[in-house]
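Novice: The structure is given below, and queries will be raised subsequently.
The values are calculated or read from the model by the stated rules, or taken from the named source; none is laboratory data. This structure is a prediction, so every number in the text was calculated from the model and none was measured. Heads up, the Cβs are rebuilt from the backbone with ideal geometry, glycines too, and the neighbour counts pull from every protein chain shown.
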Amino acid sequence: MARRQTNTSKGPSQRQLRAGELVRHALVGIIAREEFRDPDLEGQMISVTEVRPSPDLRVAKVYVAPLGRGDSAKLAAGLNRCASFLRGRLGREIEMKFTPELHFHADNSFDTASHVDDLLNRPTVRKDLDADGDSDADAEG
């Protein structure tokens with residue numbers, strides 16, 4: 001009898017990616033339609049940047065960030081307080097065997113990218129980058 005080969009790669013499976021995108025798309029619609037009474041969520045525009053389901057699809061890590069100004073950690077905490085409500089709404093919108101348990105996390109990737117841009121735009125770094133660009137042009141010519 002042939003053994004089933006386990007997934008030895010480090011990345012998520014195609015099934016996880018499809019389920020994550022399905023959940024992300026549904027959550028964006030739910031969050032846009034609902035009005036939350038939580039003070040950390042009132043008046044916030046929320047971006048759901050990524051959903052990473054577990055291999056069995058029963059738990060999902062949801063990465064969120066505020067659009068514009070706002071505290072990502074407070075936003076994630078507020079959404080975690082509303083997680084059971086959101087899970088109930090999600091169960092009505094998606095067709096999956098199990099509605100995943102939602103765990104919200106602050107997505108700091110935008111802050112990190114902004115910080116890297118700031119570092120690259122410093123005058124000392126810009127000077128080094130321009131000097132490297134000049135030496136590359138000399139080598140080609």
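Novice: Any idea which residue in the stretch 61-84 is nearest to MET45 (Cα to Cα), counting only those that are surrounded by fewer than 18 Cβ atoms within 10 Å (Cβ to Cβ) and touching a residue at least 40 places away in the same chain (Cβ under 8 Å)?
Specialist: Once the filter is applied, the top-ranked residue is ARG81.
Novice: For the stretch 45-67, give me each residue that is closer than 11 Å to HIS105 by Cα and modelled with pLDDT under 90.
Specialist: Once the filter is applied, which keeps residues that are closer than 11 Å to HIS105 by Cα and modelled with pLDDT under 90, the stretch 45-67 yields nothing.
Novice: Scanning the stretch 97-129 for residues that are under 14 Å from the mean Cα position of the chain (by Cα) and among the charged types (D, E, K, R), which turns out nearest to LEU79 (Cα to Cα)?
Specialist: The extreme case among them is ASP107.
Novice: Return only the number of the condition from (1) small (Gly, Ala, Ser); (2) in the same structural domain as GLN44 (by TED's automatic domain parsing); (3) surrounded by 10 or more Cβ atoms within 10 Å (Cβ to Cβ) that ALA113 does not satisfy.
Specialist: ALA113 satisfies all of (1) small (Gly, Ala, Ser); (2) in the same structural domain as GLN44 (by TED's automatic domain parsing); (3) surrounded by 10 or more Cβ atoms within 10 Å (Cβ to Cβ) except (2).
Novice: For the stretch 38-136, which fully contained strands (runs of 3 or more DSSP E) count at least 2 residues that are among the β-branched types (Val, Ile, Thr)?
Specialist: Of the strands (runs of 3 or more DSSP E) lying wholly inside the stretch 38-136, those with at least 2 residues that are among the β-branched types (Val, Ile, Thr) span 46-53, 59-66.
Novice: Within the stretch 86-106, can one find any residue that is out of contact with any Lys or Arg (no Cβ under 8 Å at 6 or more places or on another chain) and either polar (S, T, N, Q) or more than 30 Å from ALA19 (Cβ to Cβ) (or both)?
Specialist: No - not one qualifying residue is present in the stretch 86-106.
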